[in-house]
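Asker: To start, I am sharing the structure in question, which I have written as structure tokens.
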Amino acid sequence: MRCGARFDIAEPLFECPKCGDLLDARYDWSRAVLPKRLSDFEAKWAEQADPLAFSGVWRFHELLPFADRRHIITIGEGRTILQQADKVAPYVGVAPGRLFLQYEGLNPSGSFKDNGMTAAFTHARLVGATRAVCASTGNTSAAVALYAAADGRVPAAVLVGSGKIAYGKLAQALDFGARVVQVEGDFDVCMKRVKEVARELKIYLMNSLNPFRLEGQKTIMYRILEGLRWEVPDWLIVPGGNLGNSSAFGKAFKELHEIGLIPRMPRIAVINAAGADTLYRIVNQERIAWNGGRVDEDRVAAFYRRMDAENRRAKTLASAIEINRPVNLKKCLRAVEWTAGCVEKVTDQEILDAKAQVGAGGFGCEPASAASVAGARKLRAAGVIGQGDRVACVLTGHALKDPHATVAYHTLSDAQLAQEWGGYGVRRAVHGNHPVVVPDDLEKIVAAIQS
Ligand code: F0G
């Protein structure tokens with residue numbers, strides 16, 4: 001993105017060999033076979049016996065045309081839904097019928113990552129990769145391990161921060177047979193190391209630095225449009241960690257707009273956890289912007305130097321987004337500029353309360369995912385989002401990824417919560433659903449049900 005060098009898609013690169021900056025996938029749309037209108041994709045609904053039409057990623061193949069059929073590996077990812085969430089709408093503060101939740105927990109590995117991983121493993125096949133590696137707060141490792149197992153040709157190693165990932169995710173990586181390396185450090189440490197590993201061993205990198213992963217993640221936006229009968233929402237709200245999603249979403253809409261398949265852009269709001277708020281600080285305090293491609297990189301570097309000097313580490317119960325050095329920062333700034341978007345941050349208390357509301361609305365999600373709903377509520381309260389705006393929040397991961405967070409929230413007393421999570425600023429389970437403990441006595445059981 002910095003130096004403008006071009007490379008062939010068959011080169012296994014995750015950074016620019018000339019300047020070290022991010023790589024971006026670009027298409028010559030004039031040579032692509034494109035639908036006349038987005039509703040033309042509905043023809044794929046009738047072809048579900050074809051795995052490529054069944055996949056919620058590859059049924060939009062024309063919009064990510066970097067590989068041909070024979071390289072594509074799909075396990076039925078992206079069969080996710082946009083759900084009108086009238087029970088959660090009052091919590092966010094928008095009118096009935098205006099809040100939608102895009103439930104990416106329905107993916108094979110239980111998070112949005114599968115959208116990207118099907119694309120990255122496809123590219124890995126295309127370049128003839130023989131091994132894959134990633135750093136992860138958990139979901140990436142689960143998805144990499146799953147696709148490596150399904151593919152069978154590209155075994156994977158995953159680097160995770162020791163004690164830093166939720167059990168559901170660790171369980172998946174172990175079960176799917178990946179080499180799990182628990183590094184004594186956090187995600188930011190793992191991310192730095194995994195790049196060194198990928199360079200040294202020439203292993204294919206599966207993190208969202210990989211531009212092809214982001215191509216797959218664009219399709220989440222196509223499915224939101226599909227769910228709205230191809231109408232563009234006013235707001236698209238997404239949690240921000242390593243900033244792959246927000247980058248991919250901005251690109252998805254920009255391309256559709258340029259091709260002429262959507263009439264206008266939605267606004268994207270990226271939500272940081274307050275304890276991992278690099279993007280928030282960069283945008284709202286440092287006022288560093290994409291600026292038409294001229295990001296002030298010296299000031300970004302100075303920001304990170306200060307962060308290191310203060311030894312500021314990311315700290316949030318939303319472990320999936322406990323990240324202080326987001327690798328896709330520049331692409332995310334681009335997405336924010338392209339969509340006249342904004343960045344907000346929410347506390348762990350706000351995240352857990354919003355998560356309970358999402359759960360009560362019938363969609364279990366993990367803490368990081370609920371940042372989108374908590375952020376929407378905050379932006380609505382500030383008047384940034386209007387009451388009548390149509391808002392789509394992405395629920396990035398399934399509730400069962402992190403059962404501890406849910407069970408602790410609903411079972412612990414205020415005093416116990418303060419002890420368990422006081423260091424994260426969580427004091428009360430505002431929407432706690434406490435279980436009732438009764439003896440083996442029919443009368444007491446009946447009384448508990450009736451109370
Ligand atoms: N939500 C969930 C559930 C995630 O797992 C992640 C990222 C994010 C949101 C943030 O998305 O990085 O695109 O801004 N998890 C990565 C991982 C970092 O390793 O699983 P992002």
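Just so you know, all these numbers are worked out from the coordinates, no wet-lab data involved. A quick note: this is a predicted structure, and the numbers were derived from the prediction, not measured. Because the Cβ atoms are built from the backbone with ideal geometry, glycine has one as well, and the counts that use them run over all protein chains shown.
Asker: With no solvent and one point per C-alpha, what does the Debye sum give as log10 I(q)/I(0) for the range 388-443 at q = 0.15, 0.16, 0.18, 0.21 Å⁻¹?
Answerer: Taken in order of the listed q values, log10 I(q)/I(0) reads -0.63, -0.69, -0.78, -0.89.
Asker: Rounded if a/c is under 1.5, else prolate if a/b beats b/c, else oblate: with a ≥ b ≥ c from the C-alpha gyration tensor eigenvalues square-rooted, which is the range 335-451?
Answerer: Numbers: a/c = 2.60, a/b = 2.04, b/c = 1.28.
Prolate.
Asker: Which whole-percent values make up P(r) of the chain when all C-alpha to C-alpha distances are grouped in 20 Å steps starting at zero?
Answerer: 26, 60, 14, 1
Asker: So which lysines can Lys331 reach, going by Cα to Cα under 16 Å and dropping same-chain residues fewer than 8 places off?
Answerer: Excluding near neighbours in sequence, the set is Lys218, Lys251, Lys254.
Asker: Next up: Excluding residues fewer than 8 places away in the same chain, name every one of the aspartates and glutamates whose C-alpha is closer than 14 Å to that of Lys195.
Answerer: Qualifying aspartates and glutamates at Cα under 14 Å: Glu15, Asp21.
Asker: Right, here's the next one. Can you tell me how much longer the chain between Asp24 and Glu200 gets when fully stretched, taken as 0.36 nm per residue apart minus their C-alpha distance, in nm with one decimal? Mind showing how you got there, number by number?
Answerer: Details: separation 176, 0.36 × 176 = 63.36 nm, distance 2.27 nm.
Here the answer is 61.1 nm.
Asker: Could you please report the charge total around Arg125, scoring K, R as +1 and D, E as -1 over all other residues with beta-carbon less than 15 angstrom from its beta-carbon?
Answerer: Details: positive: Arg69, Arg70, Arg131, Arg153, Arg213; negative: Glu11, Asp68, Asp151, Glu215.
Net charge in that neighbourhood comes out at +1.
Asker: What are the equivalent ellipsoid semi-axes of the range 49-146, built from the alpha-carbon gyration tensor (square roots of five times its eigenvalues), in whole angstrom, biggest first? It would help to have the intermediate numbers written out before the result.
Answerer: On the way: eigenvalues 186, 57, 20 Å².
Taking √(5λ) for each Cα gyration eigenvalue gives 31, 17, 10 Å.
Asker: Per residue and in cubic angstrom, what volume does the convex hull of the Cα atoms of the range 99-251 have? Please report the intermediate quantities before stating the final value.
Answerer: Details: hull volume 16.9 nm³, N = 153.
Taking only Cα atoms, the range 99-251 has a hull volume of 111 Å³ per residue.
Asker: May I pose another question? Counting C-alpha atoms alone, how compact is the range 168-214: give Rg to one decimal and Dmax as a whole number, in angstrom.
Answerer: Answer for the range 168-214, Rg first and Dmax second: 11.8, 31 Å.
Asker: While we're looking at this one, here's another question. Determine the sum of side-chain charges near Ala135: Lys and Arg each +1, Asp and Glu each -1, restricted to other residues whose C-beta is under 12 angstrom from that of Ala135. Could you put the intermediate results ahead of the total?
Answerer: Numbers: positive: Lys164, Lys192, Arg193, Lys195, Arg325; negative: Asp186, Asp188, Glu196.
Result for the neighbourhood of Ala135: +2.
Asker: Right, something else. Antiparallel DSSP bridges in the chain: what percent, to the nearest 5? Write down the numbers at each step before the final one.
Answerer: Working: 6 of 36 bridges.
Bridges in the chain that DSSP calls antiparallel: roughly 15 percent.
Asker: Rg and Dmax of the range 252-327, Cα atoms, in Å?
Answerer: 15.5, 47
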